[in-house]
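*Asks:* First the structure, which I've put down as structure tokens, then a few questions once you've had a look.
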Amino acid sequence: MNLEANLDKVERLLPGKRRMLGCYMVDYREKRSMPISFMQYQCEIGLQWLHQGRIEGIIFLGNTIMDLGFEAVEWVRGWVQKVGGMEI
């Protein structure tokens, strides 16, 4: 929820350490797909941070759910196809 504040805190506590953004695609508490608006937010802020050099990569946390029809998974696949060839 507080991605910007959390990254700021990590950068202060661990200067010079490598960082990656982990993006959950399922709300495990609610047992449903993460809302597309939240997936878009995670991905776009992650892409911005990649360009700024604040993180080294994005990890999509899907466990064993990638082919179970969650809409967030399909949205991420489309997003990766759109930006995957972008130079960082």
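*Asks:* Please go through segment 51-88 and give me each residue that is outside any loop (DSSP other than H, G, I, E, B) and among the small types (Gly, Ala, Ser), ordered by number. Show your work before the answer.
*Replies:* Taking segment 51-88 as the starting set, the residues that turn out to be outside any loop (DSSP other than H, G, I, E, B) are 51-52, 57-61, 71-83.
Of everything in segment 51-88, those that are outside any loop (DSSP other than H, G, I, E, B) and among the small types (Gly, Ala, Ser) turn out to be GLY57, ALA72, GLY78.
*Asks:* Can you go through GLY46, GLY84 and tell me which one is among the small types (Gly, Ala, Ser) and either touching a helix residue (DSSP H, G or I) at 6+ places or on another chain (Cβ under 8 Å) or free of Cβ contacts under 8 Å to residues at least 24 places away in the same chain (or both)?
*Replies:* Numbers: GLY46 fails: either touching a helix residue (DSSP H, G or I) at 6+ places or on another chain (Cβ under 8 Å) or free of Cβ contacts under 8 Å to residues at least 24 places away in the same chain (or both).
Only one candidate passes the filter, namely GLY84.
*Asks:* Name every residue in segment 6-24 that is in contact with a strand residue (DSSP E or B) (Cβ under 7 Å, 6 or more places away or on another chain) and either modelled with pLDDT of 90 or more or farther than 17 Å from TRP75 by Cβ (or both), in order of residue number. Steps first, please.
*Replies:* Narrowing segment 6-24 to residues in contact with a strand residue (DSSP E or B) (Cβ under 7 Å, 6 or more places away or on another chain): 20-24.
Scanning segment 6-24 gives MET20, LEU21, GLY22, CYS23.
*Asks:* Still on this structure, I have one more. Picking from ALA5, ALA72, which residue would you name as being touching a Pro at 6+ places or on another chain (Cβ under 8 Å) and not charged (D, E, K, R)?
*Replies:* Values: ALA5 fails: touching a Pro at 6+ places or on another chain (Cβ under 8 Å).
Matching residue, one of ALA5, ALA72: ALA72.
*Asks:* Within segment 65-77, is even one residue under 14 Å from the mean Cα position of the chain (by Cα), exposed (fewer than 13 other Cβ atoms within 10 Å of the Cβ) and of a type outside the set (D, E, K, R)?
*Replies:* no
*Asks:* Scan segment 9-50 for residues that are part of a helix (DSSP H, G or I) and either exposed (fewer than 11 other Cβ atoms within 10 Å of the Cβ) or of a type in the set (Gly, Ala, Ser) (or both) and jot them down. Lay out the reasoning, then the answer.
*Replies:* From segment 9-50, those part of a helix (DSSP H, G or I) are 9-13, 36-50; that's our starting set.
The answer is ARG12, LEU13, SER37, GLY46.
The values are calculated or read from the model by the stated rules, or taken from the named source; none is laboratory data. Owing to the predicted nature of the structure, the values given are computational and were not obtained by experimental measurement. Virtual Cβ from ideal backbone geometry, glycine too; neighbours counted across all protein chains shown.
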